Amino acid sequence: MTTHLFSNRSWLVCLLGLLLAYSPVVGQGVKSLMTLRWALGAPQIDLILSQTSVAKELGYFEEGGIDVEVTPLGGASRTIPLVASGRSEIGYIGAETMILNAARDKDAGIVFIFNQNRDPIFSWVVLPDSPIRTIKDVKGKTIGTISLASAGTSYAKGVLMSLGLDPENDVDFVAVGTGPSSTALLQRRQIAALVQSDNILAIMEQSGAQYRYLPKTEYSDAYFQGGLFVRRDYLRTHRKEVCAYVRGLAKGVEFTFENPEAAIRIHWKIYPESKPKGVSDEQALKFSLAVLRAVMYKWDPSDELVKKHGAYSHAEWMKIVERMGLKDVVSDQMVRSLYTNEVVECANNFDAEKVREQARNYRMKY
């Protein structure tokens, strides 16, 4: 009897052993990804995020062990407290906000890591028959921006300061949102000028809106928009993940340069709500290509002082400070604390031609 029981138990032990040997172990072969939360200052996820969509779809982020979750907020300044408090890992803000904070001796513990837009992504527009001819003519007028917390407002303030105007007293800023609402206020002359992102203006122009662009000033000559930032302590403790993020982003940019049509279709796949409604696929693609091409050249570092994805030039930082009239308030050392090129090398540590070849040969998978 004892022998019989022992045999049954032995059989059970052997069976369990075989099951463990040949059954897949939970988690084995499944790559665990760390999610980086991107607090997006824009009010919606549109084509300016196409390079991010490419990086998600083609595994550029995944190969670095991360995923990226994007949440639109409708105001770039709102991203600072979220990142500073640890509720998001990544934010985007214009350089002016950081410079003005430094002038007021405010430090949220964040640092720019990636120079994404190498030119202003905002333009000043008026109605075609407006008496306003230059940006300096807006003194005493009302200016519309996406929101008072947007990077566009910060940029507009920097431009005004460079022209000797006081953005707090010489003009009135009002939040007008994006798209038809902002254009309607301009047409009803409730605002005299509109400072809007180039992609939104391109969308509205494709829909029939007419604007006259005010001439750019010297402020924009050697300008960069600002960029992506993280907490300083997060960069110290999660440098690998930050590197994976900026490298994935840079690869997404290269893919988009080579095949913008594929980038748009990938973006539509991930964010179907971003696809134009009520038109054919051909019309939607033509519309979207015009919008994307209005902004994507701003990501190109090839004609900049530092010809690498994400790189900052200290000279450009100091030029902005000088043109804002703050060189006696914001020191060289203070500016150096606002940004870092620490992850530039890993951002560019890939074969760009291989990515472009992948883009040329890409076939959409649904």
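The values are calculated or read from the model by the stated rules, or taken from the named source; none is laboratory data. The shown structure was predicted, so the numbers you read here are calculated from the model rather than taken from an experiment. Using ideal geometry, Cβ is built from the backbone for each residue, glycine included, and neighbour counts are taken over all protein chains shown.
How many residues does segment 97-127 contain that are under 30 Å from Glu345 (Cα atoms), at pLDDT below 95 and part of a loop (DSSP other than H, G, I, E, B)?
Qualifying residue count, segment 97-127: 9.
Yes or no, residue by residue, for (1) of a type in the set (D, E, K, R); (2) exposed (fewer than 15 other Cβ atoms within 10 Å of the Cβ); (3) modelled with pLDDT under 95; (4) closer than 15 Å to Arg118 by Cα:
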| site | (1), (2), (3), (4) |
| --- | --- |
| Ile266 | no, no, no, no |
| Ala294 | no, no, yes, yes |
| Tyr312 | no, no, yes, yes |
| Val330 | no, no, no, no |
| Leu338 | no, no, no, no |
| Lys365 | yes, yes, yes, no |
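Checking the condition in contact (Cβ under 8 Å) with a residue 40 or more places away in the chain and in contact with a Leu (Cβ under 7 Å, 6 or more places away or on another chain), which residue from Val111, Val83 passes? Quick ask: steps written out before the conclusion?
On the way: Val83 fails: in contact with a Leu (Cβ under 7 Å, 6 or more places away or on another chain).
When all the criteria are applied, what remains is Val111.
Within segment 175-185, how many residues turn out to be of a type outside the set (Ser, Thr, Tyr), modelled with pLDDT of 90 or more and surrounded by 15 or more Cβ atoms within 10 Å (Cβ to Cβ)?
3
Kindly indicate the residue of segment 85-96 that is among the hydroxyl-bearing types (Ser, Thr, Tyr) and under 26 Å from Cys346 (Cβ atoms) and also surrounded by the fewest Cβ atoms within 10 Å (Cβ to Cβ) among those meeting that condition. Lay out the reasoning, then the answer.
Just the residues of segment 85-96 that are among the hydroxyl-bearing types (Ser, Thr, Tyr), to begin with: 85, 88, 92.
Filter again for under 26 Å from Cys346 (Cβ atoms), leaving 88, 92.
Working: Ser88: 22, Tyr92: 24.
Per the stated criteria, the residue is Ser88.
Can you pull out the residues in segment 59-84 that are over 22 Å from Gly177 (Cβ atoms) and either surrounded by 22 or more Cβ atoms within 10 Å (Cβ to Cβ) or in contact with a Lys or Arg (Cβ under 8 Å, 6 or more places away or on another chain) (or both)?
Across segment 59-84, the qualifying residues are Tyr60, Phe61, Glu62, Gly64, Gly65, Ile66, Asp67, Val68, Glu69, Val83, Ala84.
Residues in segment 68-80: is at least one assigned by TED's automatic domain parsing to the domain that holds Glu258, in contact with a helix residue (DSSP H, G or I) (Cβ under 6 Å, 6 or more places away or on another chain) and in a strand (DSSP E or B)?
Scanning segment 68-80, I find no residue that is assigned by TED's automatic domain parsing to the domain that holds Glu258, in contact with a helix residue (DSSP H, G or I) (Cβ under 6 Å, 6 or more places away or on another chain) and in a strand (DSSP E or B), so the answer is no.
Restricting to segment 201-250, name every residue that is among the small types (Gly, Ala, Ser) and more than 21 Å from Asp300 (Cα to Cα). Break it down stepwise before answering.
Kept after step one, since they are among the small types (Gly, Ala, Ser), are these residues of segment 201-250: 202, 207-209, 220, 222, 226-227, 244, 248, 250.
Selection gives Ser207, Gly208, Ala209.
Might you check whether a residue that is crowded, with 22+ Cβ neighbours inside 10 Å and closer than 18 Å to Ile203 by Cβ occurs anywhere in segment 273-289?
Checked segment 273-289: at least one residue is crowded, with 22+ Cβ neighbours inside 10 Å and closer than 18 Å to Ile203 by Cβ.
Considering (1) under 18 Å from the mean Cα position of the chain (by Cα); (2) hydroxyl-bearing (Ser, Thr, Tyr); (3) assigned to a loop (DSSP other than H, G, I, E, B), say which one Ser130 fails and leave the rest.
Every condition holds for Ser130 apart from (1).
State whether one or more residues within segment 41-50 are closer than 28 Å to Ile99 by Cα, at pLDDT below 85, within 19 Å of the chain's Cα centre (by Cα) and part of a helix (DSSP H, G or I).
For segment 41-50, residues closer than 28 Å to Ile99 by Cα, at pLDDT below 85, within 19 Å of the chain's Cα centre (by Cα) and part of a helix (DSSP H, G or I): absent.
What helices (runs of 4 or more DSSP H) completely inside segment 192-293 contain at least 1 residues that are touching a strand residue (DSSP E or B) at 6+ places or on another chain (Cβ under 9 Å)?
So the answer is 198-206, 232-237, 239-258.
Restricting attention to segment 171-191, which residues are in a helix (DSSP H, G or I) and touching a residue at least 40 places away in the same chain (Cβ under 8 Å)?
Answer for segment 171-191, where residues must be in a helix (DSSP H, G or I) and touching a residue at least 40 places away in the same chain (Cβ under 8 Å): Leu185, Leu186, Gln187.
For segment 133-149, which residues satisfy the criterion of being surrounded by 17 or more Cβ atoms within 10 Å (Cβ to Cβ) and either part of a helix (DSSP H, G or I) or touching a Lys or Arg at 6+ places or on another chain (Cβ under 9 Å) (or both)?
Those that are surrounded by 17 or more Cβ atoms within 10 Å (Cβ to Cβ) and either part of a helix (DSSP H, G or I) or touching a Lys or Arg at 6+ places or on another chain (Cβ under 9 Å) (or both): Ile135, Val138, Ser147, Ala149.
Rundown of residues vs (1) assigned by TED's automatic domain parsing to the domain that holds Lys319; (2) out of contact with any Pro (no Cβ under 7 Å at 6 or more places or on another chain); (3) buried (at least 21 other Cβ atoms within 10 Å of the Cβ); (4) at pLDDT 95 or above, yes/no style:
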position: Ser162; (1), (2), (3), (4): no, yes, no, no
position: Asn169; (1), (2), (3), (4): no, yes, no, yes
position: Gln187; (1), (2), (3), (4): no, yes, no, no
position: Ile191; (1), (2), (3), (4): no, yes, yes, yes
position: Ser197; (1), (2), (3), (4): no, yes, yes, no
position: Ile203; (1), (2), (3), (4): no, yes, yes, no
position: Ser207; (1), (2), (3), (4): no, yes, no, no
position: Val230; (1), (2), (3), (4): yes, yes, yes, yes
position: Asp233; (1), (2), (3), (4): yes, yes, no, yes
